[in-house]
Amino acid sequence: MKKTAILIWLAAVIATLGSCKTDNIAYTDVQVTAVDNLFEPFDNKAVKLVSAASASLFFEWEAALTEDGGAPQYEIAFDVVGGDFSKPLYKLTSNNKGYATNAYITHKVLNSVASLAGINPGESGDVQWTIVTSRGINRVISPVVRKLKISSLEGFADIPNELYATGEASEGGADIAAALAFKQTATGEFEIYTKLEAGKKYVFVDRKDNDARRFYSDNQVKLKEATEDLSMEVTKTAVYRIQVDFNVATINFTEIKSIGLWFSPDNKIMFNLPYQGKGIWSGTGVIAFKQEGWGKDERYKFQLETVANNKSVIEQFGAKNPTDSRPTPTSDPAYYYIKLLKAVTQWDDKWKFASEVDGKSTTVSVILQGDKEYTHQVTVN
């Protein structure tokens, strides 16, 4: 009798497991319809791409239906004209993590699509697009296909992985082995903080080698690849933030006039940090915390005076990683990492000085070098 009961129990368990397996297959095998109507952009729309980071093109389509009434997901797929989308050039999900029936696609992404389609930088050509609907394991390509005429950006198809500044005007001099590294801030985008001397030559290279690819600008706006021994000059000896974007072949210069220690409790610069060379600013002063009714306030960040397009601009550096505590000797180095802030404020994205800094002569250094994290150091003398 006991053996019979055990057999009956095992049979029930197996039946239950089989039922769960069947239910799971039924769920993941839900049928989904193809998208029947594409709304935006209209067929054969011409779009001239621009380099602004905010530039985008709006895509919209009709919702699909699913067998179980659940929400389908969508991908926008691009292909060469005449392609069947079995191996699309590029795919990306719609808004709302793929559940929306629309998407904003940036001009930079469209420029990548154009490049994959064989459209040369600065030229125009056609691609086609459609919508792929999915629900579970089922994927359906819309039978409706539209063309898009893209006037591409004058970017580079072969983007370097590294970039350096070299030449007599640079801080590393003419010895290419001493070239200063740019920091890669995004795919195809590089940045360096460095001093350049007026009236002397400099150039950008993709590696520390005499056979390296060379890049320059003849107007400090458009980036070009040098096919011969071409270089650049600046008209003013100064420290610059140089930003290079190979995706759109642009270069941007911002003069860094000064960097100061911003003491948040006083809402002003406590003391300046003179430029020391090779991306380092450093200054020394007595740092006294401000006595408040609730205790001592020690919050700080950094303020910059810059010049871009002949206009003076105030900017700030603050904490890359949010913090609201004082550091200790065992604090992670990431506590001191720096980022350029989007707005100038008194308190946001600040650090706190360690307790031993209060009332002491202290050296503060900002280190903006391309081969490491942007950071800063605080040393009690």
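Side notes on the structure shown:
- Candidate residues T235, T106: accessible-area rank, largest first, probe 1.4 Å: T235, T106
- Two-site FRET efficiency, V81 against Y337, from Cβ-Cβ distance with R₀ of 51 Å, rounded to 0.05: 0.65
- Residues W347 and Q220, FRET efficiency given R0 of 35 Å [Cβ-Cβ distance, rounded to 0.05]: 0.45
- For the chain, the square roots a ≥ b ≥ c of the C-alpha gyration tensor eigenvalues yield an a/c of 1.5 or more together with a/b not exceeding b/c, which makes the shape oblate.
- Each peptide in 126-133, 37-44 receives the mean, over its residues, of other Cβ atoms within 10 Å, and ordering these scores from highest gives 126-133, 37-44.
- Modelled this way, with points 7 Å down the Cα-to-C-beta line, the labels at E62 and E228 are 6.0 nm from one another.
- A straight line joining the Cα centroids of the range 280-311 and the range 151-170 runs 35 Å.
- Fraction of accessible area attributable to carbon and sulfur, the chain (%, probe 1.4 Å): 50
- By DSSP, the beta bridges lying fully in the chain are antiparallel in about 95 percent of cases.
- Length released on extending from V286 to K91, taking residue separation times 0.36 nm less the Cα-Cα span: 64.6 nm
- Karplus (6.51, -1.76, 1.60) ³J(HN,Hα), θ = phi - 60°, over the range 75-86, in Hz, Gly and Pro reported as x: 10, 8, 10, 10, 8, 5, 4, x, x, 9, 6, 5
- Pairwise FRET efficiency - N267 versus S355, Cβ, R0 = 30 Å, nearest 0.05: 0.85
- For the options D29, D218, D79, a Gaussian network treatment of the chain with springs between C-alpha atoms closer than 10 Å singles out D29 as fluctuating the most.
- Accessible area per residue in Å² at 1.4 Å probe, computed on the chain: 52
- Label-point separation, K257 to N102 (7 Å along Cα→Cβ), nm: 4.3
The values are calculated or read from the model by the stated rules, or taken from the named source; none is laboratory data. It should be emphasised that the depicted structure is a prediction, and the values quoted were computed from it without experimental measurement. Every residue, glycine as well, gets a Cβ built from its backbone with ideal geometry; the counts of neighbours run over all protein chains shown. Accessible surface is based on the protein model in full, side chains and every heavy atom, while ligands, DNA and RNA are left aside. Shrake-Rupley method; radii C 1.70, N 1.55, O 1.52, S 1.80 Å.
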